[in-house]
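See structure below.
Laboratory data are not the source of any read-out in this text; all were calculated from the coordinates shown. Owing to the predicted nature of the structure, the values given are computational and were not obtained by experimental measurement. Every residue, glycine among them, receives a Cβ derived from its backbone with ideal geometry; neighbour counts consider all protein chains shown.
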Amino acid sequence: MAGYLTTVACSLILSVGRAHVAIAASPAPLEISGPWLRLPPPGVKVTAGYMTLHNSGNTTLTITGISTTKPTHVELHNSRLTKDGQMSMEQAHAVTVAPGATVRLAPAGMHAMIFDAPTLAAGGTLDFTLELQDGRRVKGAFTAQRP
């Protein structure tokens, strides 16, 4: 009887362990397309990155951050036209992508603000990671382009 209980207990532990790994390893259904960053003028260390995000899943995804592999600081920002005709920019602490929806990070709108940007030539890349509210991460790479 003790051997049977030990076998059942081990089976349960292994099953729970496998389920945990499967949940942790499941990729987010967030598709990134066309990521690019604007090549700044020489000596300028701030630029912006753009991309299109598509949620191919059936639950809302919330992006809470973005990071890079280089020693840079990146924030999600939103630009908008104010009542007096001026452009205003503020940090976006979260970007929500509904199921089946597409969100565009584009000039004069939502974008990734890249501080202390590395020096890149046209065609060079900067790896980034989008951080989701549920702890999952989605990797991509900006390609440097002239505007």
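Descriptive notes on the structure:
- Karplus 3J(HN,Hα) series, Hz, for region 80-85 with 6.51 cos²θ - 1.76 cosθ + 1.60 (x for Gly, Pro): 8, 8, 7, 4, 8, x
- Whole-Hz ³J(HN,Hα) from phi, Karplus 6.51 cos²θ - 1.76 cosθ + 1.60, for region 92-104, glycine and proline x: 9, 7, 7, 10, 9, 10, 5, x, x, 8, 10, 10, 9
- Residue-by-residue Karplus 3J(HN,Hα) for region 43-60, coefficients 6.51, -1.76, 1.60, Hz, glycine and proline x: x, 8, 10, 10, 8, 10, x, 10, 5, 10, 10, 10, 9, 8, x, 10, 10, 5
- Local electrostatic count, LEU39, Cβ distance below 14 Å [Lys/Arg +1, Asp/Glu -1]: +3
- Convex hull volume per residue, computed on the Cα atoms of region 29-145, equals 102 Å³.
- Taking amide H positions as modeled 1.01 Å from N, with prolines and chain starts lacking one, the residues under 5 Å from ALA92 and 5 or more places away or on another chain are LEU76, HIS77, ASN78.
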